[in-house]
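The values are calculated or read from the model by the stated rules, or taken from the named source; none is laboratory data. Quick caveat: nothing in here was measured; it's all calculated off a predicted structure. Here the Cβ positions follow ideal geometry from the backbone for every residue, glycine too, while neighbour counts run over all protein chains shown. Please note that ligands, DNA and RNA were not included when accessible areas were found on the heavy atoms of the full protein model with its side chains. Shrake-Rupley method; radii C 1.70, N 1.55, O 1.52, S 1.80 Å.
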Amino acid sequence: MTPSPTRDLRGRLDDAPKETVVAFAMGGDDDAFAELVRRRQKPVRDLLRRLCGDHALADDLAQKVFVRAWRGIGGLRDPGAFGGWLKRVAVSAWLSEARRAAAPIDDDEGALLAAPDPAPSPQRVAGGIDLERALARLGPDERLCVVLAHGEGMTHAEIAGATRLPLGTVKSHVLRGTEKLKRICARVSGDE
Amino acid sequence: MSDLQLSDLFAKGTAPESDPAFAGQVAARIGRARLGARLRPLVLRIAVVLMLSVGAFTAAGVVRPVVAQLVEGWPQLMGVPLPVALGALAVGLAFGVRAHGLRPDARVGLLEQIE
């Protein structure tokens, strides 16, 4: 029995280099795009979970990000730029959501320690510190800059480009946000 | 807490490595988006045709009494006043020529070729 062409392509996509899969997806290949979703879902969901602090909302946003990516991938010029481009799409989706919701952020570091933890994430269980909850104590812009700098390894200039925030503001948010995050984490780990 | 410890904390994530349910939901959303993209031009066309039909119906109601006065006393062709029949024929021919892309200057060229 000979394998079907679809199954054959599916098998080849599993092992294909990223650029090849992206190039296929840019040409409108649905199997290739599904493979990209399979490969990139974790980083996109992790990024949005850190930004949202709410897994359900983050996963919903992540799905929207992939739909936007599906719509826009044909316009991508360089397959190698897919990762950075997808990250920018995710940041843009988060910014839209944050502006739409405009939820008040509790900046009180002590509140993190006082508030009960309804559902500790696996990260808390593993590392002793719930990073997502700690990040939730930062302001939206501060959190965004800290996550992009430390979680995604982006430079200040790249963050400024992706978020459209002035470079000076980005530097200040990263510096102050990081210090704040360290203080929160130190207090949490010190208590345990 | 050192920068290294912070980096370690960021290196882990809470999302599963591979989640078929998530991929399925993305595929379903893409399917809906694709269907919407296909239906949108169709709905737009139907809306335009409906709007034009309503406009033509309204205009016919306004024009009918005026035309009835003008064509009174003219001979009729199968129950239709002759000027109305000729007008309809002229409009039909004009649309037919446009639909086939035969512009008046093209027709002149075609006639020259035949001659």
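Taken together, the residues in segment B:1-10 that are facing chain A (nearest Cβ under 7 Å) and either modelled with pLDDT under 85 or in a loop (DSSP other than H, G, I, E, B) (or both) amount to 4.
For every residue, the table says whether it meets (1) within 14 Å of another protein chain (Cβ to nearest Cβ); (2) open to solvent by 20 Å² or more (accessible area, probe 1.4 Å).
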{"residue": "A:138", "(1), (2)": "yes, no"}
{"residue": "A:142", "(1), (2)": "no, yes"}
{"residue": "A:148", "(1), (2)": "yes, no"}
{"residue": "A:158", "(1), (2)": "no, yes"}
{"residue": "A:164", "(1), (2)": "no, yes"}
{"residue": "A:168", "(1), (2)": "no, yes"}
{"residue": "A:173", "(1), (2)": "no, yes"}
{"residue": "A:177", "(1), (2)": "yes, no"}
{"residue": "A:180", "(1), (2)": "yes, yes"}
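For segment A:82-95, the condition of being of a type in the set (S, T, N, Q) and surrounded by fewer than 21 Cβ atoms within 10 Å (Cβ to Cβ) holds for at least one residue. Listed by first and then second residue, the pairs with beta-carbon distance under 9 Å, at least 6 apart or on different chains, first residue in segment A:165-183 and closer than 12 Å to residue A:144 by Cα, second of a type in the set (A, V, I, L, M) and open to solvent by 50 Å² or more (accessible area, probe 1.4 Å), are A:170/A:157. If only residues of segment B:11-28 that are within 7 Å of chain A (Cβ to nearest Cβ) and within 39 Å of the chain's Cα centre (by Cα) are counted, the one that is surrounded by the most Cβ atoms within 10 Å (Cβ to Cβ) is B:26. Pick from segment A:1-27 the residues that are farther than 17 Å from residue A:72 by Cβ, in contact with a helix residue (DSSP H, G or I) (Cβ under 9 Å, 6 or more places away or on another chain) and modelled with pLDDT of 85 or more: which of them is least open to solvent (accessible area, probe 1.4 Å)? Looking at residues that are farther than 17 Å from residue A:72 by Cβ, in contact with a helix residue (DSSP H, G or I) (Cβ under 9 Å, 6 or more places away or on another chain) and modelled with pLDDT of 85 or more, I get A:16.
Among the residues making up segment B:63-115, those that are part of a loop (DSSP other than H, G, I, E, B) and either surrounded by 10 or more Cβ atoms within 10 Å (Cβ to Cβ) or modelled with pLDDT of 80 or more (or both) are B:71, B:72, B:73, B:74, B:75, B:78, B:79, B:102, B:103. What pairs come up if the first residue lies in segment A:21-43 and is touching a residue at least 60 places away in the same chain (Cβ under 8 Å) and over 13 Å from residue B:27 (Cα atoms), the second is open to solvent by less than 50 Å² (accessible area, probe 1.4 Å) and part of a helix (DSSP H, G or I), and their beta carbons are under 6 Å apart, counting only those six or more places apart or on different chains? What qualifies is A:22/A:79; A:22/A:82. Test residue A:93 against the criterion of being within 14 Å of another protein chain (Cβ to nearest Cβ) and modelled with pLDDT of 90 or more, and give yes or no. Spelling it out, residue A:93 is indeed within 14 Å of another protein chain (Cβ to nearest Cβ) and modelled with pLDDT of 90 or more.
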